[in-house]
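Worksheet: the structure to be examined is printed underneath.
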Amino acid sequence: MTSARFTRVKGWAPASPLLLVVAVAFGIPAVMLALGAFTVPGAPGEPGTYGLDNVAASLREPYLTKLLTSIELSAVVAVAGALTGTLLAHAVLTSRSAALRESVLSASGVLANFGGVPLAFIWIATLGNSGLVTTSFGLGPGLLYNFWGLALVYLYFSIPLMVLVIAPALEGLRPQWREAAQGSGASVWQFWRHVGLPVLTPALLGGVVLLFGGSFAAYATAAAMVGASVPLVTMQIADALTGNVLVGFENVALALSLDMIVVAMLVMAVYLPLQRRSSRWLR
Amino acid sequence: MTVEFRALRRTYGATTALDGLDLTVAQGELIALLGPSGCGKTTALRCVAGFETPDSGAVLIDGKDVTRVPANRRDAGMVFQSYSLFPNLNARDNVAFGLRVRRRPTAERHARAAELLALVGLPDHGDRFPHQLSGGQQQRVALARALALQPRVLLLDEPLSALDAKVRVTLREEIRRLQLELGITTVFVTHDQEEALSVADRVAVLRAGRLEQVGAPAEIYDRPATPFVAEFVGTMNHVPGRVTGDRVEVFGRSLPVDGTAPGELVDVLIRPEAVLVTPAEDGGALILASSFRGSTARLRVQLADQSEVLADVPGHDAVRLAPGLRVEVGVVERPVLVTARTSGDQEPAVA
Amino acid sequence: MVAVTPQSSARAVAVGGSGWGRRAVLVVAAAYFLVPLVIAISFTVYNEVQGFSLGAYGRIVTSPGFATSFLTSLALAAVTIVLVLVLLLPAMIAVRLGAPGLRPVLETITTLPLIVPPITYVVGISSALREGADALAATPFWATIIAIQDDRFPVVLVLAYVILALPFAYRSLDAGLRAIDVVTLVEAARNLGASWPHLLLRVIMPNLRSALAGAAFLTLALVLGEYTIAALLGYQTFPVWIVTISGNDGQLSVALSILSLVLIWLLLITLSRASGRKKP
């Protein structure tokens, strides 16, 4: 008994520095966030009390719109990005040109990691009010500075991300499966319906989830591009943090953060089991 | 149903996979396409399945030219080397896939799948997914799937090569049993000569896209038509010999030459089991090593001129013929194949 | 931003997809991805007054704060990389050497940072720092809280980046450890009389070279690109400096965008070189 316990403890010992750092650097902020979200500030000089007031407030206007807009934007980008990314990956991977495949995959690696303010600048130069495309084609101002403009810009990193996510799954579709299906009398469409798409589904949904998370968490691009004209929850939180709002809203910002984490966790809860399933299929 | 290859040609860029292949597979026959990798055997099979289109020539099934018929209307069941089961479907649905594509009712699909799974010895595995099956079980399911639509032709593309040795042997026997039971015309592609010889009615040896020899296993083994076949099927000793007329002198004996000799100094091709080894205190040969294989033992014997031959002797003689023993080497009296000399310019071997 | 690297690229199954459909997809994608880039690049090197000029790129280097912020970010990256590897590697080896129960724990703590949006993380951090400073005001720990927020080298950012880098470093190292049989390596080395430090430095690390390089470069890319946390905590790291400096000079800001794109590209190239991926 004692010896089993001893080896167990000894086995975990090398991990203790890591666990300690995670507890301090991640655990403490997480606890503070949760505590703050459930703390109702008292009068000046008085200690706060615990309650659901902040969380309730964060789910009412004007905050609710921002949360919902963020979710909507992320959902639009995730679905559109997943579809176009898959089409692009398929078009590239079935190409005979190895150079095309290599360069698109490398470019996807670069663009999937390209975001933040630099991304906003590049699109402002293109489609902003004095952007080259806007002026050359006489397009009206404000083209980029709305919900759909933001979606267009987010797709710039979302589609490449999807290409990277779906490419291994597409490559995992074995030629034997198509041939076996054909041998059993299936048409191309029947192959995709009964085998191809079901096998890709976990990777597709996994991609949707990743893309959703990427857009949902994005802050800098939107802040630099649209400011407050598209109400997003990340910008509301940032405003509270940098003191751009009335006093007393800080705890609501904490509650909003909690809302975001809950949304992200719900979405992730879909992803993880799916990912496990697809990795089993695509050995 | 017969399958006929007519002057089949297929090239990929600079490499020629099929170079005018002619072959006819008779009704209910199991024919093995045997050859080294790159000899075109898989390409030939894929031309029957419809996954490859030959550059010229034709594939006939039952006398009808199917060269341009798309793969999904060929009516040929195929088993692939490995990993061909649809990973998202369980064994039952894999087997019933062809029926589902044909929109047969569920009850019929399940009944047929159950019947076929029982046939391949997996009656209780219908609910398992491919990743829950062993390699051998996966190939059984793949076989059941290939047979589900009662195809006219069964095509097997190295179906056993990814399996363990033991599973390989049991499964090949089972494939043969099923094939005989169903009487289905079958083309079996393999690079394993033992596999080909043990299951096929006839073996077709391919080399560089051409048919080298086709015949019953015993014929291929005992009377190889060409030195290539002789080398590829089984083990061969190259023993220097000298030709006189239509006979060749080897191991101090004169044997009839099978075919024509390429010159006076030749290599005589002799199977290890045709080499006779007898203990002799003053023998010119020496047993160097012996590896016991149960029913036989393979000896490595050094001849008087320092060259070596392999000899298979009955297992019960293995103790008597131990390494270090001086022996005499002889050869079974029967016609032998000869090739141009490759074993150095020694004089004919004497033992 | 999610750091993701391209996978291998064998030719995929060519199923369906007429030539025209494929070509249309490729043309539209090329237009969408290349037009903004081409416009942005031409914008940085050409204007109607001066004509062609590389001045905008020159101004990057001469802008105040370039060197300081860049060096700050590099230093942060270096310390983060070392810390991430030193913390992760022993734990991951322990998982394979007899603490399999640790694996789900590691999987969880290396997945959480992916779920938690950086902005909510920074909210938690700043609230912890504020409350911590209040609560510890009367104790010696107060000095610690202040010290880790030093502007010149914000330790608090290192801690945050270690957490953010865990998922990527973990996956890179996991792939590396999967490829070598750690148990056999360790048993063989112990059997030959190697000490634990010797074993780690001379046996395991050399076999993990490409996985270590991968983890290091993913971490570097993350630190050089992270904006939200640094900006909201008020530190002038390189990505924050880019935004600060670009303010009114349009050409300069777009030139900086191109620069960061090139930076990512260079990092990825180095990464794929270092991880020794063989081209087919």
Inset, instruction - Determine the residues within region A:249-269 where the difference in accessible area between the chain on its own and the full set of protein chains amounts to at least 10 Å²; count protein heavy atoms only and use a 1.4 Å probe. - result: A:250, A:254, A:257, A:260, A:261, A:264, A:265, A:268
Legend entry - Solvent-accessible area, 1.4 Å probe, carbon plus sulfur percent, for chain B: 49 percent
Legend entry - Interface burial for A against C (accessible surface, 1.4 Å probe, total of both chains, Å², rounded to 100): 7100 Å²
Legend entry - Sum of -39500 (n - 2.57) over DSSP H runs of 4+, divided by residues of chain C (222 nm, nearest 500): -23000 deg cm²/dmol
Inset, instruction - Return the calculated 222 nm mean residue ellipticity for chain B, to the nearest 500 deg cm²/dmol, obtained by summing -39500 (n - 2.57) across DSSP H runs with n ≥ 4 and dividing by the residue count. - result: -6500 deg cm²/dmol
Legend entry - In nm, spacing of pseudo-spin labels at residue B:295 and residue C:262 (7 Å Cα→C-beta vector): 7.5 nm
Legend entry - Size of electric dipole in the protein assembly as shown: Cβ of Lys, Arg +1 and of Asp, Glu -1, about Cα centre, debye, nearest 20: 1020 debye
Inset, instruction - Taking all pairs of distinct Cα atoms, average 1/r, flip it, and tell me the Kirkwood hydrodynamic radius of region B:3-230 in Å to one decimal place. - result: 17.9 Å
Legend entry - Protein-protein interface of region C:36-51, residues with accessible area decrease of at least 40 Å², isolated chain reference, 1.4 Å probe: C:36, C:39
Legend entry - Accessible heavy-atom area order of B:64, B:166, A:66, B:41, highest first, probe of 1.4 Å: B:166, B:64, A:66, B:41
Inset, instruction - State the percentage of accessible surface on chain A attributable to carbon and sulfur atoms; use a 1.4 Å probe and exclude ligands, DNA and RNA. - result: 69 percent
Legend entry - Set of region A:260-274 residues, backbone N closer than 12 Å to the point 7 Å along the Cα-Cβ line of residue A:65: none
Inset, instruction - Largest first and to the nearest Å, give the Cα extent of chain C along each principal axis. - result: 73, 68, 31
Legend entry - Label point distance in nm, residue C:151-residue B:174, each placed 7 Å from Cα along Cα→Cβ: 7.7 nm
Legend entry - Theoretical ellipticity at 222 nm over chain A - DSSP helices of four or more residues, -39500 (n - 2.57) apiece, nearest 500: -23000 deg cm²/dmol
Legend entry - Test item: Cα-centred dipole of region B:1-71, Lys/Arg +1 and Asp/Glu -1 on Cβ, debye: 160 debye
Legend entry - For residue A:29, net neighbour charge (Lys/Arg +1, Asp/Glu -1) across residues whose Cβ lies under 12 Å away: 0
Inset, instruction - At 1.4 Å probe size, with no ligands or nucleic acids counted, give the accessible surface of residue C:156 in Å², nearest ten. - result: 10 Å²
Legend entry - Interface B:A - total buried accessible surface [probe 1.4 Å, Å², rounded to 100]: 2100 Å²
Legend entry - Cβ-Cβ FRET estimate between residue B:11 and residue C:28, R0 fixed at 41 Å, reported to 0.05: 0.65
Inset, instruction - Give me the accessible area of residue B:254, 1.4 Å probe, in Å² rounded to the nearest 10. - result: 50 Å²
Inset, instruction - Among the trypsin sites (Lys or Arg not before Pro) in region B:223-293, which ones are in a DSSP loop with at most 15 other Cβ atoms within 10 Å of the Cβ? Mind listing them? - result: B:293
Inset, instruction - Starting from the residue with the highest accessible area, list B:267, B:62 in decreasing order, probe 1.4 Å. - result: B:62, B:267
Legend entry - Drop in accessible area of at least 50 Å² in the complex versus isolated chain, residues of region A:12-35, 1.4 Å probe: A:12, A:14, A:18, A:21, A:22, A:25, A:26, A:29, A:32
Inset, instruction - Might you tell me the accessible area per residue for the protein assembly as shown, computed with a 1.4 Å probe and given in Å²? - result: 44 Å²
Inset, instruction - Compute the FRET efficiency between residue A:265 and residue A:53 as 1/(1 + (r/R0)^6), taking r as their Cβ-Cβ distance and R0 = 25 Å, and round to the nearest 0.05. - result: 0.65
Legend entry - Net charge dipole size for region B:3-230 [Lys, Arg +1 and Asp, Glu -1 on Cβ; Debye, nearest 20]: 780 debye
Legend entry - Dipole axis of the protein assembly as shown (+1 Lys, Arg; -1 Asp, Glu on Cβ), positive-most option in C:269, A:163, B:279: A:163
Inset, instruction - Please compute the Cα-Cα pair-distance distribution of the protein assembly as shown with 20 Å bins starting at 0, giving whole percents from short to long. - result: 12, 32, 30, 19, 7, 1, 0
Legend entry - Charge tally in the Cβ shell below 14 Å around residue C:29, where Lys, Arg are +1 and Asp, Glu are -1, residue C:29 excluded: +3
Inset, instruction - Could you work out how far apart the two model spin labels at residue C:187 and residue C:70 are, taking each label as a point 7 Å from the Cα in the direction of the beta carbon, and quote it in nm? - result: 5.2 nm
Legend entry - Efficiency of FRET from Cβ geometry, residue A:229 and residue C:144, R₀ 51 Å, rounded to 0.05: 0.75
Legend entry - Exposure rule at most 10 other beta-carbon atoms within 10 Å, DSSP loop trypsin sites (Lys or Arg not before Pro): chain C longest free segment: C:1-151
Inset, instruction - For chain A, state the semi-axes of the equivalent ellipsoid (square roots of 5 times the eigenvalues of the alpha-carbon gyration tensor), sorted largest first and rounded to whole angstrom. - result: 39, 32, 17
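The values are calculated or read from the model by the stated rules, or taken from the named source; none is laboratory data. Treat the numbers as computed from the prediction; the structure is a model and nothing was measured. Methodologically, a virtual Cβ is constructed for each residue, glycine included, from the backbone with ideal geometry; neighbour enumeration extends over all protein chains shown. Accessible surface areas use protein heavy atoms only, side chains included; no ligands, DNA or RNA. Shrake-Rupley method; radii C 1.70, N 1.55, O 1.52, S 1.80 Å.
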